[in-house]
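What follows is one structure encoded as structure tokens, with my remarks underneath.
The values are calculated or read from the model by the stated rules, or taken from the named source; none is laboratory data. Keep in mind the model is a prediction, meaning the values are calculated, not measured. FYI the Cβ positions are ideal-geometry reconstructions off the backbone, even for glycines, and counts take in every protein chain you see.
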Amino acid sequence: MFILLTGSRHVGKTTACWKALPGLRATGLKIAGFVSPPILNGGGRKTGIELVDLTTGQRQKFARVVGRDEKPTVGVYQVSEDATEWARGVLAAALMANADWLVVDEIGPLELHQNRGFAFALKALADPERIPNAIVIVRPELTEELTERIGRTDTVYVEVTEANRLDIPGQLVRLVQAARAKTG
């Protein structure tokens, strides 16, 4: 099963995925990949993005919001090349791991429009034999493009909204359990 977890910016896609992980692991599933939680300042304002390796728990600061006189790499962020290389290694290892589920947070314009970041993983994600199960976070405006690029017939769309975001972790756990029941 290929789950595309989507929703508007700052609605809680990463948080919903993060909160689903304990429930997934409690069923004995091996999870690999990474999530990208926000880095917030004392006032709750997003100042950057961190990456968390779901296999080792290691963390890296991936990106920071640029200042007024700085040029962003993508969007409003200056992306750390060192952290990008580290994350590519995490994802490459996850693609080779014998994990039950792969989590990728997120595939975005860097991958789809600039062929950078984690674009190298798109071919593997398109192959259900190689990656039978994945949760991939993507923005709504890129969902159709990613769906066409991946071309998987087992795609399930889960949209996070302010109204349902507290229910999404449980929904993800149920979807994963259903997929596991189908495949044994």
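For segment 26-82, filtering for residues that are polar (S, T, N, Q) and either under 15 Å from HIS10 (Cβ atoms) or in contact with a Leu (Cβ under 6 Å, 6 or more places away or on another chain) (or both) leaves 4.
Note on segment 6-62: residues that are in a strand (DSSP E or B), over 16 Å from TRP101 (Cα atoms) and not small (Gly, Ala, Ser) total 13. Taken over segment 89-99, the criterion of being modelled with pLDDT of 90 or more and surrounded by fewer than 15 Cβ atoms within 10 Å (Cβ to Cβ) is satisfied by GLY89, ALA92, MET96, ALA97. Scanning segment 171-184 for residues that are assigned to a helix (DSSP H, G or I), surrounded by fewer than 13 Cβ atoms within 10 Å (Cβ to Cβ) and not polar (S, T, N, Q) gives ARG174, ALA178, ALA181, LYS182. Sort out which residues of segment 3-13 are surrounded by 14 or more Cβ atoms within 10 Å (Cβ to Cβ) and either more than 11 Å from ILE135 (Cα to Cα) or of a type outside the set (Ser, Thr, Tyr) (or both), and write them in order of number. Listed by number, the residues that qualify are ILE3, LEU4, LEU5, GLY7, SER8, VAL11, GLY12, LYS13. Search segment 15-35 for residues being within 11 Å of the chain's Cα centre (by Cα) and surrounded by fewer than 21 Cβ atoms within 10 Å (Cβ to Cβ), and hand back the single one that is nearest to ALA87 (Cα to Cα). That would be TRP18.
Of all residues in segment 129-138, those that are touching a strand residue (DSSP E or B) at 6+ places or on another chain (Cβ under 7 Å) and not aliphatic (A, V, I, L, M) total 1.
For the structure I just gave you, tell me whether GLY57 is touching a residue at least 60 places away in the same chain (Cβ under 8 Å), surrounded by fewer than 17 Cβ atoms within 10 Å (Cβ to Cβ) and over 18 Å from GLY108 (Cβ atoms). No. With the condition being not aliphatic (A, V, I, L, M), I'd like the strands (runs of 3 or more DSSP E) fully within segment 68-170 carrying at least 2 qualifying residues. Because the criterion is at least 2 residues that are not aliphatic (A, V, I, L, M), the strands (runs of 3 or more DSSP E) in segment 68-170 that meet it are 77-79, 101-105, 155-159. For segment 100-130, the candidate set comprises residues that are under 22 Å from LYS13 (Cα atoms) and either in contact (Cβ under 8 Å) with a residue 60 or more places away in the chain or touching a Pro at 6+ places or on another chain (Cβ under 6 Å) (or both); within that set, the residue that is surrounded by the fewest Cβ atoms within 10 Å (Cβ to Cβ) is ASP100.
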